[in-house]
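Every number here is computed from the coordinates shown, using simple stated rules; none is lab data. Everything quoted here is computed from the prediction, not taken from an experiment. All Cβ positions, glycine included, derive from the backbone under ideal geometry; neighbour counts span all protein chains shown.
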Amino acid sequence: MDARRLEGVGFFSNLSKKELAKLAQWADEVLVRAGDRLATEGDFAHEFFVIEEGSAEVTQNGERIAELGPGEFFGEIGLLETERRTASVVATTPMRLIVMFQREFKQMERELPTVAERIRAAIRARLDR
């Protein structure tokens, strides 16, 4: 993944070029179509997504609870611990996503602890809402 693309993503925007380059090694880009299921409530979570382009609907127990768009993220519980998904997420438009798997996040925690803490802080802020 091109590190310059990470600069435009909220909590990555103030990272140094060196940190962005390292982070880009652990992140992948995923393109999805409208209607693609990105997360299923009750499944085990192993990855974290940041929306670069497009939108998605979040449902819980079959009820719509949120609409997500560029700069927003989901699947964060998969980074913190191996838990089951608390909601389902379906693309409502074609999307470009940045994805990081739990294994790469753990490596990032060891090599770039300040970056990992920034992501954890964003996740905690969301969970507190």
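Some points to look at:
- Loop-located GluC sites (Glu not before Pro) across the range 14-75 with a Cβ neighbour count of 15 or fewer within 10 Å are 41, with loop assigned by DSSP.
- Dimensionless Rg ratio for the range 3-128, taking C-alpha atoms and the 2.2 N^0.38 Å reference: 1.01
- Other residues within the sphere of radius under 13 Å centred on the Cβ of residue 42, judged by their own Cβ, net out at 0 (K and R +1, D and E -1).
- Summary value for the range 37-129: 34 percent relative contact order, contacts being C-alpha pairs under 8 angstrom separated by 6+ residues.
- The aspartates and glutamates within cross-link reach of residue 17, meaning a Cα-to-Cα straight distance under 18 Å and a gap of 8 or more places when in the same chain, are 2, 7, 28, 109, 111, 117.
- In the chain, the DSSP-assigned H stretches of four residues or longer account for a calculated mean residue ellipticity at 222 nm of -9500 deg cm²/dmol, using -39500 (n - 2.57) per stretch and the full residue count as denominator.
- Computing FRET efficiency as 1/(1 + (r/R0)^6) for residue 128 and residue 65, where r is the C-beta to C-beta distance and R0 is 22 Å, gives about 0.85.
- The trypsin sites (Lys or Arg not before Pro) found in the range 17-116 that occupy coil by DSSP, while having at most 13 further C-beta atoms within 10 Å, are 33.
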